[in-house]
Amino acid sequence: MALYHLTDDAPLDAPVLIAAFDGWVDAGSAGTLAADRLADGGRVVATFDADRLFDYRARRPTLDILDGTLSTLEWPELSLRASRVEGRDLLVLAGPEPDFRWHEFSASVVELARTLDVASWVSLGSIPAAVAHTRPVPVLGTASVRGLLPEGVPQGPDGHLRVPSAVLSVLELAIGQAGIPSVGFFAQVPHYLSAAYPQAAIELLRQVGIFLGFEVPLGELPMQALETRALLDAATAADERTKSHVARLEEMADQARLPSGDDLIADIERYLRDRGDGPGDGGRSPPLTVRRMSRTTALPRIAMSSAPSRPPAGSWWRTWVQNQPPSSPPMIPMSVVPMQPYRSRPGTNHPAMAPARRPTTIQPKTPRSGMVPLLLGARPRRDRRHGTGR
């Protein structure tokens, strides 16, 4: 039984397939915000079997209850949409990251790409990084062959890096192996932010436009970016330690450097020694170790490994980074798991203003001294094993 259903086989002119999924590589929802902007007003070309792809205990459907009467259910769904931007045919695959059947899903996407004569592939994602919200958004690129990325987007990071994969990377690799040119753009989002970050989505769209040779309409993203910047500026100004940390990130950006690999590894090892079982894990987390793969002066190379190789999803729910020694600038609590995007509801213009998604601030159960609670608009994530939220 096919994993997808082709609903519209109208011919397209050398379409470019653009993909983004929430979850692992969607910090600040930048990738999915950019993809939704590109798919705006498009028609559905293919739909995927959600019952075979999603774990509904981890990604529960949304129930509407009106005056005590169960009204409607909104189920997770994943579809391929076709749009035409500045005379160019685009196919946009965006939505929740599948939980199951990644091999079958990858083969289905490759089959769809061949059926629809896809000319090239573009991955859109975002990762937490030591960058300041007051500086331009850096973008890293991946490519199936050298020379595909626009000038100014470094292909990297250099060296050997081992990280848990997202389904987006599984698809990009499969598409490249199928002989279709593929690139990926990954915005670096301030690690102290746990809310939608439209500025990163704008930068991703700018790079897509350069790659495809036209200017992408941004819609309401610039206004949303201004609102988010005002919130971040206000939160930074209200706390001296936060202000000092952001100033350090600004200095590093101005000097085009990042902290040394030894300093970063020392920070992580210190956190692992003091973390115990971690908040919300219930003692299920296996011990983590830090292993350096390689390092250059531009970016440290580290890998976090554990036994078993895939810890319970609950152990990734929230990571709090302890404050550095007094001689070093303070670290702000960071979220390892990027937040899922907010969904706008009728009558709201900004995703973060959706009334059903009221922003909250997540605090550790026992706050340690020297920790700065700057997690704007954070939302609790569900425990994928037990289906519970904290």
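The values are calculated or read from the model by the stated rules, or taken from the named source; none is laboratory data. Nothing here was measured: the structure is a model prediction, and the numbers come from that model. Note that we place each Cβ from the backbone using ideal geometry, even for glycine, and neighbour counts take in every protein chain shown.
In the stretch 157-171, the condition of being surrounded by fewer than 16 Cβ atoms within 10 Å (Cβ to Cβ), closer than 20 Å to residue 206 by Cβ and not assigned by TED's automatic domain parsing to the domain that holds residue 236 is met by no residue.
Checked against (1) touching a helix residue (DSSP H, G or I) at 6+ places or on another chain (Cβ under 9 Å); (2) modelled with pLDDT of 90 or more; (3) surrounded by fewer than 19 Cβ atoms within 10 Å (Cβ to Cβ), residue 139 passes all but condition (3). Criterion first (closer than 21 Å to residue 202 by Cβ and either acidic (Asp, Glu) or at pLDDT below 90 (or both)) does residue 97 satisfy it? Considered against the rule, which asks whether it is closer than 21 Å to residue 202 by Cβ and either acidic (Asp, Glu) or at pLDDT below 90 (or both), residue 97 comes out as no. Taken together, 97, 111, 104 contain a single residue that is in the same structural domain as residue 191 (by TED's automatic domain parsing) and in a loop (DSSP other than H, G, I, E, B), which is 97. In the stretch 229-248, the residues that are without any contact (Cβ under 8 Å) to a residue 12 or more places away in the chain form Cβ pairs under 7 Å with partners that are among the charged types (D, E, K, R), at six or more places apart or across chains, as follows: 237/243. Being touching a Gly at 6+ places or on another chain (Cβ under 6 Å) and touching a residue at least 12 places away in the same chain (Cβ under 8 Å) is the requirement here; does residue 25 meet it? In short, yes. Restricting the first member to the stretch 133-153 and to residues that are assigned to a strand (DSSP E or B), and the second to residues that are modelled with pLDDT of 95 or more and among the charged types (D, E, K, R), the beta-carbon pairs closer than 9 Å and six or more apart or on different chains are 139/203; 139/206; 142/172. Here are some residues: 33, 12, 38, 17. Which one is of a type outside the set (Ser, Thr, Tyr), surrounded by 14 or more Cβ atoms within 10 Å (Cβ to Cβ) and touching a Pro at 6+ places or on another chain (Cβ under 7 Å)? The unique qualifying residue is 33. Where strands (runs of 3 or more DSSP E) sit wholly within the stretch 28-88, those with at least 2 residues that are among the hydroxyl-bearing types (Ser, Thr, Tyr) and either over 23 Å from residue 116 (Cα atoms) or free of Cβ contacts under 8 Å to residues at least 12 places away in the same chain (or both) occupy 69-74. Just to be sure before I move on: is residue 126 within 17 Å of the chain's Cα centre (by Cα), in a helix (DSSP H, G or I) and surrounded by 14 or more Cβ atoms within 10 Å (Cβ to Cβ) in the structure I sent? When the stated conditions are applied, residue 126 does not pass them. If we scan the stretch 55-76, do we find a residue that is buried (at least 18 other Cβ atoms within 10 Å of the Cβ) and in contact with an Asp or Glu (Cβ under 6 Å, 6 or more places away or on another chain)? So far as the stretch 55-76 goes, no, none of its residues is buried (at least 18 other Cβ atoms within 10 Å of the Cβ) and in contact with an Asp or Glu (Cβ under 6 Å, 6 or more places away or on another chain). Determine, yes or no, whether residue 196 is aliphatic (A, V, I, L, M), within 14 Å of the chain's Cα centre (by Cα) and crowded, with 16+ Cβ neighbours inside 10 Å. Against the criterion (aliphatic (A, V, I, L, M), within 14 Å of the chain's Cα centre (by Cα) and crowded, with 16+ Cβ neighbours inside 10 Å), residue 196 qualifies.
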